[in-house]
1. Given a 1.4 Å probe and the protein chains all in place, what does the accessible area of Thr548 round to, in Å² to the nearest 10?
2. If you place +1 on the Cβ of every Lys and Arg and -1 on the Cβ of every Asp and Glu, how big does the dipole about the Cα centre of segment 175-306 come out, in debye to the nearest 20?
3. About the Cα centre, and with charges only on the beta carbon of Lys, Arg (+1) and Asp, Glu (-1), how big is the dipole of segment 281-422? Nearest 20 debye, please.
4. Which cross-chain or sequence-distant (5 or more) residues have an amide H under 5 Å from the amide H of Val115, H modelled 1.01 Å from N in plane?
5. Could you tell me how many degrees, from 0 to 90 and to the nearest 10, lie between the Cα long axis of helix 151-163 and the main elongation axis, the longest principal axis, of the Cα atoms of the chain?
6. HN-Hα J couplings of segment 456-466 from phi, Karplus 6.51/-1.76/1.60, θ = phi - 60°, integer Hz, Gly and Pro as x?
7. Heavy atoms only, probe 1.4 Å: what % of the accessible area of the chain goes to carbon and sulfur, would you let me know?
8. Please give the contour-minus-distance gain from Val438 to Asp138: 0.36 nm per residue of separation, less the Cα-Cα distance, rounded to one decimal in nm.
Amino acid sequence: MKIQKNYTKMFLLIGLVLLSTNSFSRNPNFYIYLCFGQSNMEGQGPIEAQDKTVDSRFKVLQAVECTNRNMGTWYPAIPPLCQCGTGLSPVDYFGRTMVQSLPDSITVGIINVAVGGSDIRLFDKDLYQNYDSTSTDDWYLLKLRAYAGNPRQRLIDMAKLAQNAGVIKGVLLHQGEANAGDSNWPSYVKKVYNEMLADLSLSPDSVPLLAGEVLSAPGNCCATWMNPIIDKLPMTIPTAYVIPSNGLTGQDAAHFDSPSYRTFGIRYATKMLLLMGIGAKIFEPEAYYFEPECSELGGNWNMVTDNTASNSTYVTIKPGMNNTTTVSADSANAIYFDFNTRSDTTFYVYARVYCKTLTSDSYWFKMDDGSFEYVNGLPKGLWTWAKIKSYNLKAGKHTLAIANGEEGARLDKIYISNVDIAPTGMGETALKLCNPVVYNLTGKIEAESYSYQSGVSTATTGDTGGVLDMTGIDTNDYMEYLVNVPTDTIYKATFRYASSVSNGAVSVLLDEKPVGSISLSGTGSSYKSSTMDLPLKAGRHTLKLLATSGGFKLNWLMFEKVKTTGLEKVFDDGLSIYPNPTNGELNIKSESFQFGNVEIFDCTGKRMYDEKFGLTNYVHFNPRLQKGIYILKLNNNTQIQNFKIVIE
């Protein structure tokens, strides 16, 4: 079906071109950019509060009639910038970045004519009628009617009108999803671009073409087939430049989300400024959200279920732990958030808090190796985003630490960004989401009941117990579980698994510190239980199972206390000495500290035992000493550790 030209509107448009009385006279400092393409250029991102305020030097020439805007008139570039009901697009932050980086004497204007779902040849002056009915759905036909059936001509007419006010400096294109895999796409674009310049009496040397890649995030619809073709465009058009989409995220398989539209627009502007010889220092927006319960959370924090909190959980310090004059030195009172920045600039920290009273509205904050600073007087009332501090950071790895202040303050979420705008609602999805369920040891943990995982999946188990297996486990994949260890002791850990390989292996870490490892031999299709002894320290911890050799599937874990004749002690580095007290025999086990020499001294300092084992992580021996209190010394030639032992 062909859409007939609306001649009445076309005559009206010609009148607008000839008689327009817009407020601009031809101004060499008014830089104009033509924008066209399909749905991503239209703009599909939700328009948020931060997008509704723009510099007065950024303008849009309205290309369709809308209730509150007239076609052919310049307006402040408040989105939407394409059709009446579209959303945020790359053009929005292209223009904002341009005016921010150019002298105050320069105004930037854009014209955006785009049609979702369209073939690039809809903008071919000779072929558009062959592509104006690629879809017969009403949503597509309505878009075409808004341009009187010929979007290409509308763009040219608006561009000629704009030339009365300023100078066209470039062309922005985002299109390709509808042409995915078509190797002739660069030649189609070349014809459209060249004819557009000819109709406007423009030279390609002064009007470059910037073409953006399609969404390349996992699960995308078209990147595999289309981005390699887009990347070759400069081979066909010497004045064309490709804007990469790597690292950008989508709201669905084809469309970028709002944060990525902002970043994409900045990338377009960065390239245009470089072509203009302006090496402005431009930073792409960086935003990092964290759930405290899914971060490195000390054992003295309570996790509380609350449907008004993000991830339905907030944290608060245990009762009786007010710290208002000095920060606690106990790491159990702290929360750590690790993140990597890409730019050297100022970053702002916001916290989503709920503080009921003047005596429950504070925390201590620290960045990296700096000093803790006390932040008091946080907002009272229901959940609120509070601006905490700003820090000048270099690109690279950083750690924000929060320690408890006043008892009763509730912490839901942390936001760190180089854009000083407070989030709204619950903010965006955190870098790491988890299932905030804590398992009390001893007991059984179903493998699929992890708090967090990387690289693995679930499948119905073929075992007689359990429901699901963790499967698809490759080397360096892992699962994490929140556990509460009642006492320092040695636990027997049982792994229920099946393995199609002969060399599966798991390293066990407690709060990222190695405490043990186990080999999982091949079982074929059957399931098997393998056990190991683990020294675990009392408190709430993150237990991490890291596959050092994959190829197995895991059904469940079981933790039981090892029955010994005495008490055990587990030290901060995971080293354990048991039983202690002992009737003679001793076990020394460590994952992180290898020792080669074991010495025992009595209370007078006399050496009673001296044995060289060679560097090892485990020994079992009987020093055959009389009853008494002794000092056991471990030596690995660079470090010495001393421990008290009791022989009964």
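1. 70
2. 660
3. Dipole magnitude for segment 281-422 comes out near 260 debye.
4. Long-range HN contacts for Val115: Gly37, Gln38.
5. Value to nearest ten degrees: 80.
6. Running phi through 6.51 cos²θ - 1.76 cosθ + 1.60 with θ = phi - 60° gives 10, 9, 10, 8, 4, 6, x, 7, 7, x, x Hz.
7. Whole-percent figure for carbon plus sulfur exposure: 50.
8. Using 0.36 nm per residue and subtracting the Cα-Cα distance, I get 102.8 nm.
The values are calculated or read from the model by the stated rules, or taken from the named source; none is laboratory data. Just so it is clear, the structure is predicted and the values come from calculations on it, not from any experiment. Because the Cβ atoms are built from the backbone with ideal geometry, glycine has one as well, and the counts that use them run over all protein chains shown. In case anyone asks, the SASA skips ligands and DNA or RNA and just uses the protein heavy atoms, side chains included. Shrake-Rupley method; radii C 1.70, N 1.55, O 1.52, S 1.80 Å.
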